[in-house]
Every structure is written in structure tokens, then in C-alpha cells.
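The values are calculated or read from the model by the stated rules, or taken from the named source; none is laboratory data. What you are looking at is a predicted structure, and each value in this text was computed from that prediction instead of being measured. FYI the Cβ positions are ideal-geometry reconstructions off the backbone, even for glycines, and counts take in every protein chain you see.
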Amino acid sequence: MRKSLYLLFLTGALFFFHVPGAFAQEPQEPDIDKIVSTQVENLTKTFKLDEVQVFYVDSILQYNYPAMMDELNKTKRTGASNDETFQSISDKWMAATDEAFEKVFTEEQWQKYLKSTYGKEKKRRDKRISDRQPAR
């Protein structure tokens, strides 16, 4: 089960923003701890992370995921409804996560990451970020 980190985060964000709660209740916020622990478990198995790397990856995700959700929530409260805006926020946080992972992973692990589904998502995200940048 090799889902990309990006898709997991985006799915969580989309679930939070687009799935109405039963009986007109507010949507339930995704369980951050469960999402992070599942993702850490997947990354650990896929890239054979050691204990120190697991600690760092968990810390990175425990910080970045709630920060991304907070920013998405703030943007939503301003009345923004443009999917591009939400995609931009998600891309920013996922790029930060990738940058942090690159520092934690060994060169071999990072190359394997780039060749995996995670890397394919990173490549698409990097292209979107590049396309948003004004031409100089």
C-alpha cells in the first residue's frame, strides 16, 4: 500500500472541506495522529528508516500536517472557494515536507523516494509551483 504522502494529505484536506457531516453537523476534522502514524509506518517500511529517522519523520509530519490544515481552515474562513488557492497551500506544505525529508533520508533512501509514487507526486507538485511563479 504505497500511497503518496501528498495524496494522503490532500485527501484529508478534501475530506475535511467537502464531506458534510451527518444530519447537517460540521465536518469532522481528520484524526491527525492516525494519519501521521500510518504515513510514518508506510515510510518506515518502504525506505527502511532507522529509529532516529522515524523520530524526525514523525516530528516533521506532526508539525506540517496540522500547520497545513490550519492554513487551509483560515483560508476557507475568509470565504475563498478557489481550488487553486487550496492546491497552492497544500503544495507549499508538501514541498516543505519533501525538503525536510531530503535532509533526514540518506542519499540512497532519497533516490528511492524520488523514484517512488512520492517522487512522482513531488515532480508534479514542483511543476505546479514552477508554473505559478511569474516569468522573469
Can you find a residue that is among the β-branched types (Val, Ile, Thr), at pLDDT 90 or above and under 21 Å from residue 89 (Cα atoms) anywhere in region 15-38? yes
Being under 24 Å from residue 131 (Cβ atoms) and not in a helix (DSSP H, G or I) is the requirement here; does residue 95 meet it? no
Does region 102-117 hold any residues that are without any contact (Cβ under 8 Å) to a residue 12 or more places away in the chain and surrounded by 13 or more Cβ atoms within 10 Å (Cβ to Cβ), and which are they? 102, 106, 110, 114
For the subset of region 52-89 comprising residues that are modelled with pLDDT under 95 and of a type in the set (S, T, N, Q), which member is farthest from residue 117 (Cα to Cα)? 78
Top-ranked residue in region 38-66 [being loosely packed, with under 13 Cβ neighbours inside 10 Å and not acidic (Asp, Glu); ranked as nearest to residue 109 (Cα to Cα)]: 48
